[in-house]
Amino acid sequence: MRVVLSGYYGFDNVGDEAILYAIIHSLREYQPRIEITVLSHKPEQTAETYQVEAINRWSLKKVHATIKSSDGLISGGGSLLQDETGRKSIPYYAGVMKIAQQLKKPVFVYAQGMGPIKSKLNRLIVKHVLNSVKLLTVRDQQSQELLEQIGVTSPIHLVPDPVMGLDASDFHSSWLEQQNFRSKVITVSVRDWAGDAYAFQEIAAGLDQLVNKGYEIVFVPMHGNHDFQTSQKVENLMHTKAHIAPFDSTIQEKMAIIKDSDVLFGMRLHALIFAAVGYTPFVALSYDPKIDSFAKIVAQPVLGHIETEDWNHSDLVEAIEQIFSNYPDELEKITGAVKPLQKSANETAHAVIDSIKAPSASKAPLAYTKVKNR
C-alpha cells in the first residue's frame, strides 16, 4: 500500500511538522509496511527526518506521477483550505486533490481546520473538490459548519487533531533539564500579528508580574527562527529575566518542554495541543477561531483576542494564578477532556487504510464520530 501526503510540510513550522509526524506514526502503527511519500518544500530534509520518500511539492510533473502510482492521497492536516494567509493556499491544495481525483485515486481529507474562506471563487473551488472526496474529516465544529454553509454535501466527520494521538510521556528536553529550574515554570508561545503592539506590551507587563511572583518564564518558538524573533520582541519589552528555548529543537523536545512546565500561555494552536497532550493547563490568546474552538474542546480559558483591547496584563496574571490556585482540579479537568480525544485520534488513520483495502465501500467507516450534515 502506498499513499501520498499533502500539507504544509518542509517549512520548519513545528505545528505542521508535528501533524506530519503524528499522521505517519498513526499510519505505520496500523499498517507497518505502508509506503509513504510526502510532498514537501524541503524533500531531502523531510525524507531524512521521517524515514519516508519525499518529493518537491512545487514540481507538478513529479506530483502527478507520484499520485498516479499511489493508492490514494491524504490531504492534511492543519489549516490548508483557507485564504486568510495568502491567495495561493486553496488553489494549490485543492489543485493537488483535483489531480488525484482526475487520476481516479481516493482523496482523504485528514482532520483539517477549514477557513476562513473569503473569496466567492475559493468557496466554489472548495465545494467542488470536497464533494468528490472519499473521506472528509475536520478537527472542529466551526470547520464543519463552514463547509455546510458553502454547500459541501459529503458526510463530514468531526475528529481530533492528529497530534492528539501522540504519547508525550517519554519525551525529554536536555535543554530544560540543564536549566535546573527550582520554581514553577510558565511556558509561552507567541507569534507575530499585524497590530500586535498593545497585546505584546500587555503580555510583557503580565509576564513581569509573574516573574516577580517567583515564576520562571520560558518562551517556546513554534515556527523556527520566525517565532524566535517574536519571542525576543516580547522579551525585550520585559523588565525581568525570561528564557527562550532553542528554536531549532525537535518536535519531541518542544513537546517535552511544554509537558514538563506547569502552565502554558499560548497563541500557536499546536503549542496549545502540545500542552493538552502533556496534560498541562493553559491560557490561550486567540488570533483565529481555531484557537477558541480547541480551547473549548479541552475546557481551557481564552484570555481574549490579540486584536482587541478588552483584556490587559492584570487579566493575564489573574488567569494564570487562578489555575495555580486550583491546580489539582485544573489537572483533572484537562486530563478528563483530553483522554477520550487521545483514544480516538488514531482512528482517522485506520479509516483511511481500511478504505484503501476495501475500495468498493461507498464511504470509509468512522463509527466513533458523528456525521453532522443537515
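The values are calculated or read from the model by the stated rules, or taken from the named source; none is laboratory data. Source: prediction; values computed, not measured. No Cβ is skipped: glycine too gets one built from the backbone with ideal geometry, and neighbour counts run over all protein chains shown. Each accessible area value is taken on the protein alone, full model and side chains, heavy atoms only, with ligands, DNA and RNA left out. Shrake-Rupley method; radii C 1.70, N 1.55, O 1.52, S 1.80 Å.
Points to keep in mind about this one:
- Criterion applied to GLN178, GLN149, GLN142 was being more than 20 Å from GLN252 (Cα to Cα) and without any contact (Cβ under 8 Å) to a residue 24 or more places away in the chain, and the one residue passing it is GLN149.
- Members of segment 287-314 that are open to solvent by less than 50 Å² (accessible area, probe 1.4 Å) and among the hydrophobic types (A, V, I, L, M, F, W, C): ILE291, PHE294, ALA295, VAL298, ALA299, LEU303, ILE306, TRP311
Per-residue answers, yes or no, for (1) open to solvent by 30 Å² or more (accessible area, probe 1.4 Å); (2) within 19 Å of the chain's Cα centre (by Cα); (3) without any contact (Cβ under 8 Å) to a residue 60 or more places away in the chain; (4) under 26 Å from LEU158 (Cα atoms):
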site: LEU5; (1), (2), (3), (4): no, yes, no, yes
site: PHE11; (1), (2), (3), (4): yes, yes, yes, no
site: GLN31; (1), (2), (3), (4): yes, no, no, yes
site: VAL38; (1), (2), (3), (4): no, yes, yes, yes
site: HIS41; (1), (2), (3), (4): yes, yes, yes, no
site: GLN51; (1), (2), (3), (4): yes, no, yes, no
site: LEU73; (1), (2), (3), (4): no, no, no, yes
site: THR85; (1), (2), (3), (4): yes, yes, yes, yes
site: LYS105; (1), (2), (3), (4): yes, no, yes, yes
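Yes/no matrix, rows are residues, columns are (1) in a helix (DSSP H, G or I); (2) touching a helix residue (DSSP H, G or I) at 6+ places or on another chain (Cβ under 7 Å):
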site: LEU264; (1), (2): no, yes
site: ALA271; (1), (2): yes, yes
site: PHE274; (1), (2): yes, yes
site: THR280; (1), (2): no, yes
site: ILE291; (1), (2): yes, yes
site: LYS296; (1), (2): yes, no
site: ALA299; (1), (2): no, yes
site: LEU303; (1), (2): no, yes
site: GLU307; (1), (2): no, no
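- Members of segment 29-69 that are closer than 27 Å to LYS290 by Cβ and of a type outside the set (A, V, I, L, M, F, W, C): GLU29, TYR30, SER40, HIS41, LYS42, GLN45, THR46, THR49, TYR50, ARG57
- Identity of the residue in segment 13-29, under 23 Å from ASP227 (Cα atoms) and out of contact with any Pro (no Cβ under 6 Å at 6 or more places or on another chain), that ends up most open to solvent (accessible area, probe 1.4 Å): TYR21
- Count of residues meeting criterion [surrounded by 17 or more Cβ atoms within 10 Å (Cβ to Cβ) and under 21 Å from PHE247 (Cβ atoms)] in segment 200-231: 16
- Every condition in (1) of a type in the set (Gly, Ala, Ser); (2) part of a helix (DSSP H, G or I); (3) under 30 Å from TYR21 (Cβ atoms); (4) without any contact (Cβ under 8 Å) to a residue 60 or more places away in the chain is met by SER344 except one, and the failing one is (4).
- Output for segment 180-199, where each listed residue is within 21 Å of SER314 (Cα to Cα) and surrounded by fewer than 11 Cβ atoms within 10 Å (Cβ to Cβ): GLY195, ALA197
- When segment 315-329 is limited to residues that are of a type outside the set (Phe, Trp, Tyr) and open to solvent by less than 60 Å² (accessible area, probe 1.4 Å), the one that is nearest to TYR279 (Cα to Cα) turns out to be ILE323.
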